[in-house]
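Chemist: The following block contains the structure, expressed as structure tokens.
Values quoted throughout were computed directly from the atomic coordinates according to the rules given, and no laboratory measurement underlies them. Since the structure is predicted, the reported quantities are computational estimates derived from the model, not experimental observations. No Cβ is skipped: glycine too gets one built from the backbone with ideal geometry, and neighbour counts run over all protein chains shown.
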Amino acid sequence: MTDELQKILLMLSQQEVLSLPSLAQTMLVALGCGFVIYLIYRLFYRGIVYSENYGVLLILVSGVTAFIITTIGTNIVLTLGMVGALSIVRFRAPIKDPLDVGFLYWSIAAGLASGARLYIVALFGTAFIGLAYIIMSYVRGQKRQYLLIVTYAQADEQEVAQLLRPLKSTLKNKTITDGRTELTLEVKVSKGKTDFMSALATADCISNATLVEYTGNYA
């Protein structure tokens, strides 16, 4: 029984020898996939303020994940220590856009596949998801959502309602202060056709009209 236990412990502690070319190939595939993810995130970003730091993070996460998986794969006993060390890490930075979470998981998945030396899986998965996201971005871009903010005197309520009636809009907020009304409407516009803004801007009953692209975060 003791001999068998010693054999099991010896087998678990055996370290797989990694050659430098193999390690370099793993890191190149991981960082390459991360760079592709970064480019897609940057080129097709639809948020209000683009964060370059988050884009760079996608590359780093892919490389670091591959580095960790490669380290864990060389020694099973080392896996337990690595899991214990990673369990004390806490991330405090909030991610407001759910789409950013998807990109982060995408980068982690590319790093996992690269670290496990499943290079075909990492490259094919990155290319397939990237192509699917680009197609969805173009399809979604045909019809965009905007926030229309209109300010007018409360006495001109009916005239403004007449101007806004042709628009496909949803009321988001209405504020009345000192006889003035501010409306916030969600408007769907096909292919960027914003000609209606000219009519609103020149209307005497409207003192101010602002159109802002709506990405889902409204405060």
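Chemist: Applying 1/(1 + (r/R0)^6) with R0 = 35 Å to the Cβ-Cβ distance of Thr210 and Val101, what FRET efficiency is obtained, to the nearest 0.05?
Modeler: Approximately 0.70, to the nearest 0.05.
Chemist: Let me ask something else about it. Quote the FRET efficiency, to the nearest 0.05, computed for Ser137 versus Ala201 with a Förster distance R0 of 25 Å and r equal to the Cβ-Cβ distance.
Modeler: About 0.25, to the nearest 0.05.
Chemist: Please turn the phi angles of region 29-42 into ³J(HN,Hα) values with the Karplus equation 6.51 cos²θ - 1.76 cosθ + 1.60 (θ = phi - 60°), one per residue in order, whole Hz, x for glycine and proline.
Modeler: For region 29-42, the Karplus-derived couplings read 5, 5, 5, x, 5, x, 5, 5, 4, 4, 5, 5, 5, 6 Hz, x marking Gly and Pro.
Chemist: Test of understanding: what is the full-extension gain from Val56 to Ala24, defined as 0.36 nm times their sequence separation minus their Cα-Cα distance? Walk me through the numbers on the way to the answer.
Modeler: Numbers: separation 32, 0.36 × 32 = 11.52 nm, distance 2.02 nm.
Stretched fully, the Val56-Ala24 segment lengthens by 9.5 nm.
Chemist: Just from the alpha-carbon atoms, what are the Rg and Dmax of region 34-75 in angstroms?
Modeler: When restricted to the Cα atoms of region 34-75, Rg and Dmax are 13.2, 45 Å.
Chemist: With label points built 7 Å along Cα→Cβ from the Cα atoms of Lys188 and Arg165, find their separation and express it in nm.
Modeler: 2.1
Chemist: Please report, to two decimal places, log10 I(q)/I(0) for region 103-176 at q = 0.26 Å⁻¹ as given by the Debye formula with identical point scatterers on the Cα atoms and no solvent.
Modeler: -1.16
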